[in-house]
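See structure below.
The values are calculated or read from the model by the stated rules, or taken from the named source; none is laboratory data. Predicted, not measured: the structure shown is a model, and the values here were computed from it. When we count neighbours, we look across all protein chains shown, and the Cβ atoms used for this are built from the backbone with ideal geometry, even at glycine. Note: accessible area is taken over every heavy atom of the protein model, side chains too, but ligands, DNA and RNA are not part of it. Shrake-Rupley method; radii C 1.70, N 1.55, O 1.52, S 1.80 Å.
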Amino acid sequence: MWEIDHSYIDGVFVPVQGNETVECINPATEAVIGTVTLANRDDARQAIAAASRAQVAMRGSSKAERIDMLRQLQAAVLAKTDEIRDTAIEEYGAPFARAQWVSRYASQSFANAAQVLENHALRRTVGDATVVMEPVGVSALIAPWNSTAGTICSKLASAIAAGCASVIKPSELSPLQTDVLAQALHGAGLPEGVFNILLGRGSDVGEEISTNPEVAKISFTGSTATGKLIARAGIETMKRVSLSLSGKSASIILDDADLDIAIPLALNAAFMNNGQACVAGTRLLVPRRQAKLIIDRVKNLVEVMVVGNPQDPSTLIGPLVSQTQYDRVQGFIRRGLAQGAKLVIGGEGRPVGLDRGYFVRPTVFAEVSNDMDIAQQEIFGPVISIIAYDSQEQAVEIANASLYGLQAYVFSRRPERARHVAAGLQAGSVLINRIAPELLAPFGGVKQSGVGRECGVFGLEAFLEAKSIVSDQPGPGATM
Ligand code: NAD
């Protein structure tokens, strides 16, 4: 049994002052596997104060010192890769392959940030000015539960590279992942207060962080609804706010696509992380004259997908994170039927043979029109809407007719044609004939999928402020 009742502040694990205790439930078995005591506002203030003290030294740190910190973090997290993977599986039912990918990405984030910092000019000459890129200051890193280690390490890596101390607030739904990650990060032996970690509710710890004047920057990943709350709360003290939010990504299969490649990839894009991924390609846009053929092939592939124990590497789809999320997804399946979509496979209830755990049947709807709820709202479960289109232009139009614009996928045998379609798509990223991202490229959304970019150079710059120094004497120029 897990018993988590501490925060990580000033380089040590300290008991939380909060007194709300919550049970941790394994979503594959519904067994209680632990308890967590949540931090409160006082804990948040203590963590912010620790980061403020550490910020003084961070501000004066050199590039080489920060690169050293990043290397130490990389080694410390790499050493715990398997534990990070296993707790993601245990805590939210991440399928093995996804959990493995995220746990490796976590340590890789620090290596990527070190490489970016090494090659990045923090001092530039612009006309008569010397422009110095300075750390923005104490940064709050707020994360969801669905990829805790990846999200936190990616944000922390950019913050450290920029010279920012941080307060990390993972989701209250991810105490196990947080605890294992905190132990790993602690192993890096960084100076006290450079990063502080606490688990608490958004309405309490989250709100304190979003309003506290000592916090200069918030880097948030989570739902669009919460992102709006944070942006509103943060504006009072003019915090710099980066928001990486919800999505409803489209996968466009063009009429010249190799269906043997496109369909399996599109299904993986839709069902990744049990459909609980911000970038899940849950709207599948297909040429009308190939619709029947594609739907039949989708049905055949989904029929044999292994749903069940997420620890088994052959499982493609594990359980949803919670009973609440299970009920929500069931509600969307009912609405899809009620609004006239045609059920191809799946539907309400649990898959045959699974009578415990928050497992849903992988569900495919066809004859979906883009204004139905299942095509417009983020379901966050393994439910795909197949939408037929009559022309390439109409496919782009349908893909763009969404509140969101996080990621899109295009499948075609002709690279120039796919790039032409990509140019017309309103999305932060477009992946062509692949579903693996480029980790050094900027990541983020347009429209209500977010503000700002993470990863690589853009991720680093999100934690920097430019200061222009103009003198009557020439400046030192681009020296670092
Ligand atoms: P959520 O918005 O409910 O919670 C995210 C985090 O915000 C949690 O740590 C939560 O405690 C905190 N929070 C809640 N209210 C707050 C407040 N008032 N002030 C400050 N913090 C507050 O999201 P979730 O359910 O944990 O995650 C799922 C959502 O996250 C989905 O919409 C998904 O698309 C999105 N997501 C986006 C990305 C991305 O990179 N764009 C990645 C993963 C998940």
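Name the single residue that is most open to solvent (accessible area, probe 1.4 Å) among those in segment 296-333 being assigned to a helix (DSSP H, G or I) and of a type in the set (Val, Ile, Thr).
The selected residue is THR324.
Failed condition for SER219, given (1) more than 11 Å from the ligand (Cβ to nearest atom); (2) touching a helix residue (DSSP H, G or I) at 6+ places or on another chain (Cβ under 6 Å); (3) of a type outside the set (D, E, K, R), with all others met?
Going through (1) more than 11 Å from the ligand (Cβ to nearest atom); (2) touching a helix residue (DSSP H, G or I) at 6+ places or on another chain (Cβ under 6 Å); (3) of a type outside the set (D, E, K, R) one by one, SER219 breaks only (1).
Consider only pairs whose beta carbons are under 7 Å apart and that are at least six residues apart or on different chains; among these, list those whose first residue lies in segment 82-107 and is on the phi > 0 side of the Ramachandran plot and whose second residue is modelled with pLDDT of 95 or more and part of a helix (DSSP H, G or I).
GLY93/ASN274
Take the residues in segment 235-262 that are more than 15 Å from the chain's Cα centre (by Cα) and crowded, with 23+ Cβ neighbours inside 10 Å; name whichever of them is farthest from ARG453 (Cα to Cα).
Top of the filtered list is ALA257.
Hey, could you check segment 139-170 for residues that are open to solvent by less than 10 Å² (accessible area, probe 1.4 Å) and of a type in the set (Ser, Thr, Tyr) and say which is nearest to the ligand (Cβ to nearest atom)?
Per the stated criteria, the residue is THR148.
Could you figure out which of (1) open to solvent by less than 20 Å² (accessible area, probe 1.4 Å); (2) within 26 Å of ARG66 (Cα to Cα); (3) among the charged types (D, E, K, R) isn't true of GLU192?
In the conditions (1) open to solvent by less than 20 Å² (accessible area, probe 1.4 Å); (2) within 26 Å of ARG66 (Cα to Cα); (3) among the charged types (D, E, K, R), GLU192 misses (1) alone.
From the residues in segment 203-216 that are crowded, with 22+ Cβ neighbours inside 10 Å and near the ligand (Cβ under 9 Å from one of its atoms), which one is farthest from GLU465 (Cα to Cα)?
Per the criteria, the residue is VAL205.
Identify all residues within segment 232-248 that are in contact (Cβ under 8 Å) with a residue 12 or more places away in the chain and more than 10 Å from the ligand (Cβ to nearest atom); write none if there are none.
Correct list: GLU236, THR237, LYS239, ARG240, VAL241, SER242.
For segment 368-387, how many residues meet the condition of being of a type outside the set (Val, Ile, Thr) and either in a helix (DSSP H, G or I) or open to solvent by 30 Å² or more (accessible area, probe 1.4 Å) (or both)?
Qualifying residue count, segment 368-387: 8.
Among residues belonging to segment 274-303 that are in contact (Cβ under 8 Å) with a residue 40 or more places away in the chain and basic (Lys, Arg), point out the one that is farthest from SER223 (Cα to Cα).
ARG288
One residue is enough: does segment 437-451 have a residue meeting the conditions surrounded by fewer than 22 Cβ atoms within 10 Å (Cβ to Cβ) and over 30 Å from PHE110 (Cβ atoms)?
Scanning segment 437-451 turns up at least one residue that is surrounded by fewer than 22 Cβ atoms within 10 Å (Cβ to Cβ) and over 30 Å from PHE110 (Cβ atoms).
Any chance segment 302-310 includes a residue that's within 14 Å of the ligand (Cβ to nearest atom) and polar (S, T, N, Q)?
Checking segment 302-310: not a single residue is within 14 Å of the ligand (Cβ to nearest atom) and polar (S, T, N, Q).
Which strands (runs of 3 or more DSSP E) does segment 1-104 wholly contain that include 1 or more residues that are modelled with pLDDT of 95 or more, over 29 Å from LYS217 (Cα atoms) and open to solvent by 70 Å² or more (accessible area, probe 1.4 Å)?
Fully inside segment 1-104 and qualifying: 2-4, 20-25.
Among LEU198, LEU173, which is the only one that is within 12 Å of the ligand (Cβ to nearest atom) and open to solvent by 20 Å² or more (accessible area, probe 1.4 Å)?
Exactly one of LEU198, LEU173 is within 12 Å of the ligand (Cβ to nearest atom) and open to solvent by 20 Å² or more (accessible area, probe 1.4 Å), namely LEU173.
Inside segment 176-195, can you point out the residues that are of a type in the set (S, T, N, Q) and away from the ligand (no atom under 15 Å from the Cβ)?
GLN183
Given the conditions (1) over 24 Å from THR87 (Cα atoms); (2) part of a loop (DSSP other than H, G, I, E, B), report the number of the one that THR363 does not fulfil.
The one condition THR363 does not meet is (2).
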